[in-house]
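The values are calculated or read from the model by the stated rules, or taken from the named source; none is laboratory data. A quick note: this is a predicted structure, and the numbers were derived from the prediction, not measured. When we count neighbours, we look across all protein chains shown, and the Cβ atoms used for this are built from the backbone with ideal geometry, even at glycine.
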Amino acid sequence: MFTSRNIGSVIRVVNASRQKHTLPQLPYEYNALEPVISREIMSLHHSKHHATYVNNLNAAEEKLAQAQAKGDIQTVISLAPALKFNGGGHINHTIFWQILSANGGQPSGALLKAIEQDFGSLENMKNQLAASSVAVQGSGWGWLGYNKQLKKLQIATCQNQDPLQATTGLIPLFGIDVWEHAYYLQYKNVRADYVKAIFDVANWQDISSRYENALK
């Protein structure tokens, strides 16, 4: 039988085993994506913005663990926005660094076939994703994702740092960060130019791998 003492013991074990989230290293130098994304933007985006999400997520999880241990339901509930925002920021950016590359190539094989089947052509997909990303009000993300139930690629947008899969059920393949910190120092208020240019550094090998894993 599960008593309050047993529950407390489980919480303590979970808390003791919980590892802190860490800022992932980039798979390239900060200047690797120039001229599409400047070194200054990459440095600030990774070492400052992403690092802040990681730090705040760890802090929120620590408060959550303490609240759970005390049975403080009010605090547990109040921490939900911070966990969603900072957890989503960590998830989104961890994906973002991997799906960019200086020599990303072009989609091929099964992914290209799926793009052509679901959008008509690669250019149609790019245009639709770009239009959706540019149209995001305020801050957010534009995504190419895979719908496992319908077995098709779909485009979606998420506000703020809402993570795609937890929000829509789509498996993230390629995302465009349209928060101003991702482009403003270089592209100013012309979000459309940034969104158009980012396809030039899309890491299609990584995106293809994500698609293949999504099919499993």
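The residues in region 121-155 that are among the hydroxyl-bearing types (S, T, Y), in contact (Cβ under 8 Å) with a residue 12 or more places away in the chain and either assigned by the TED database to the domain that holds H49 or touching a helix residue (DSSP H, G or I) at 6+ places or on another chain (Cβ under 8 Å) (or both) can be counted, and the count is 3. Hey, can you tell me all the residues within region 107-136 that are closer than 17 Å to Q205 by Cα and not in a helix (DSSP H, G or I)? Within region 107-136, P107, S108 qualify.
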